[in-house]
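K.L.:
My structure is below; once you've seen it, I'll send some questions.
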Amino acid sequence: MTTSTTMPPAGSATAPRRRRADDVAGLGTLRAGLFVAPGLILIGVFLLFPALWTIWLGMTDYRLTGLQAASPEFVGLDNYIDALTDGDFWNSLWLTLIFVIGSGIIGQTLIGFGLAWSIRDLRGWAKGLIEGLVLAAWVIPASVASFLWLALLDRRSGTVNELFGIQGTAWLIDHPMEAIILFNIWVGTAFSMQLFSSALSAVPPTQIESAKMVGASQWQQLRDVIVPNIKGHILTNTLLITLWTFNTFTPYLVTAGGPNGKTEILSVYIYKTAIPGGQLGMGAAISLIMLLINLVIALGYVRVAQGRRQGRRKR
C-alpha cells in the first residue's frame, strides 16, 4: 500500500515566520498605530506644521502691522527673488561664511582637538579641572555668557582693557567680527573636545606602540595613526559644528548685528527682517533659503562619508 504525502506549498512554512517577524512585539496594526501616534502628533505639530506654515508665509506679503497683517496677499516667488537679488542678503551670507569657517570649522574643531590631544595622558584632578573649565563655558546659558563677554570687552572698564592697560579700546566696535568669532569658540569648543577625547580613547593602543617602536615622532603618530582612526569622528564633528554655527543666534546678544551690520549673520538678518522690520513673509522666505543651504551642507557631508565607506570596501 502506497502512502501519499502531501507536500506543503513552497513558502508556506516560512509564511508564519514572516508574519511574526513583521510584528515582533505582537501589538497588531491598531495597537502599534496607537503606540506611535503621540510621537507622530508631536512631529506634525512642532516640525511638519511650522515647515508648511513657513513655506506658505514665504509666498505672501504678510506683515506684523498694516493691511498686509489683516489680509495678506499671495505673491508667489517674489519674496525669494527679492531676497536673492538683495545685496544685504548676500553680504549677510558672506559674513555667515566667515563666521562659520572662523569660529566653527577652524576654531572649535582645531582647538577642541588640541585640548583633547593635550589632556589625553593626564589623570586625576588636572584632567578634571581642564575639562570642567571648558565645559563650564558650554553649559552656561547664552544670556549669561554674552553678559560676561560684554563685561570683558567693555571699552570703559572691561577686564581685557584693564589687564593689558589699554583703556578706551572699543573691541566690539573696532573688531566686532573677531569678537563674536572668539565668543563662539569659547562657548562651543567643549563639544569638540569631548567628542575627540572619546575618539582618541578608542584608537588601538597597539598601533600607537608600534609607531613608537619604529621611532615615529608625535607628529608622525598623529598623521599616520591617530587621524586615520578618527576620520569618522572628524567628519561628524565638522558637520554638527558647521550646522550649529550656521544657525546660531547667540552673537546677536553680544553685538546685535552691529556696528553698521558688520556682524549681521544670516540668522540675525532674518530676525531683523521679520520682527523689527515687520516683514514676516520676506523673513519666512529667507528662512526657507537658509534651510535649503543647511540641506546642501548636510548632503555634502553625507556624500563625503559615503565615499569613505566605499573606499574602505574597495581596500
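K.L.:
Let me know the shape class of the stretch 101-233, please: from the alpha-carbon gyration tensor, a ≥ b ≥ c as square roots of the eigenvalues, rounded when a/c is under 1.5, otherwise prolate if a/b is greater than b/c, or oblate.
P.N.:
prolate
K.L.:
List every residue whose amide H lies under 5 Å from the amide H of T60, counting only residues 5 or more places away in sequence or on a different chain, with H placed 1.01 Å from N in the peptide plane.
P.N.:
For T60, whose amide H was placed from the backbone, the distant partners under 5 Å are V75.
K.L.:
Can you tell which of T242, T29, T263 shows the greatest fluctuation in a Gaussian network model of the chain with Cα springs below 10 Å?
P.N.:
It is T29.
K.L.:
Between beta-carbons, use under 12 Å as the cut-off and find the net charge around S217, counting Lys and Arg +1, Asp and Glu -1.
P.N.:
+1
K.L.:
Once you charge only the Cβ atoms, +1 for Lys and Arg and -1 for Asp and Glu, what is the size of the charge dipole of the chain about its Cα centre, to the nearest 20 debye?
P.N.:
Dipole of the chain, to the nearest 20 debye: 1780 debye.
K.L.:
Does the stretch 159-223 come out rounded, prolate or oblate by the C-alpha gyration tensor, with a ≥ b ≥ c the root eigenvalues, rounded set by a/c under 1.5 and, if not, prolate when a/b is larger than b/c and oblate if not?
P.N.:
prolate
K.L.:
Please report the carbon-and-sulfur percent of the accessible area for the stretch 198-287; probe 1.4 Å, protein heavy atoms only, DNA, RNA and ligands left out.
P.N.:
60
K.L.:
How much length would be gained if the chain were fully extended between N294 and W219, taking 0.36 nm per residue of separation minus their Cα-Cα distance, in nm to one decimal?
P.N.:
My answer for the length gained is 23.6 nm.
K.L.:
Note down the net charge around R155, summing +1 for each Lys or Arg and -1 for each Asp or Glu among other residues with Cβ under 12 Å from its Cβ.
P.N.:
Residues near R155 contribute -2 overall.
K.L.:
Along its three principal axes, how long is the stretch 38-77 when you only count alpha carbons? Whole Å, largest extent first please.
P.N.:
If we take the Cα atoms of the stretch 38-77, the spans are 39, 21, 10 Å.
K.L.:
Counting only complete DSSP H runs, which helices of the chain cover 30 Å or more along their long axis at the Cα atoms and score a mean Kyte-Doolittle of 0.0 or above?
P.N.:
Span-like helices here: 176-201, 280-314.
K.L.:
Can you tell me, using C-alpha contacts under 8 Å and at least 6 residues apart, the relative contact order of the chain as a whole percent?
P.N.:
Computed over the chain, the figure is 27 percent.
K.L.:
Here's another thing I want to ask about it. Going by a ≥ b ≥ c, the root eigenvalues of the Cα gyration tensor, does the stretch 207-301 fall in the rounded group (a/c under 1.5), the prolate group (a/b larger than b/c) or the oblate group?
P.N.:
In terms of gyration-tensor shape, prolate.
K.L.:
Given [x] 24.3; [y] 20.1; [z] 22.6 as candidate values of Kirkwood radius over Cα pairs in Å, which corresponds to the one derived from the coordinates?
P.N.:
So the calculated entry is the one marked [x].
K.L.:
Cβ under 15 Å from A202's Cβ, A202 left aside: what net charge do those residues give with Lys, Arg +1 and Asp, Glu -1?
P.N.:
Neighbour charge sum, excluding A202 itself: +2.
The values are calculated or read from the model by the stated rules, or taken from the named source; none is laboratory data. Everything numeric in this text was worked out from a predicted model, so none of it was measured. No Cβ is skipped: glycine too gets one built from the backbone with ideal geometry, and neighbour counts run over all protein chains shown. The accessibility values were calculated without ligands, DNA or RNA, using every heavy atom of the protein model including side chains. Shrake-Rupley method; radii C 1.70, N 1.55, O 1.52, S 1.80 Å.
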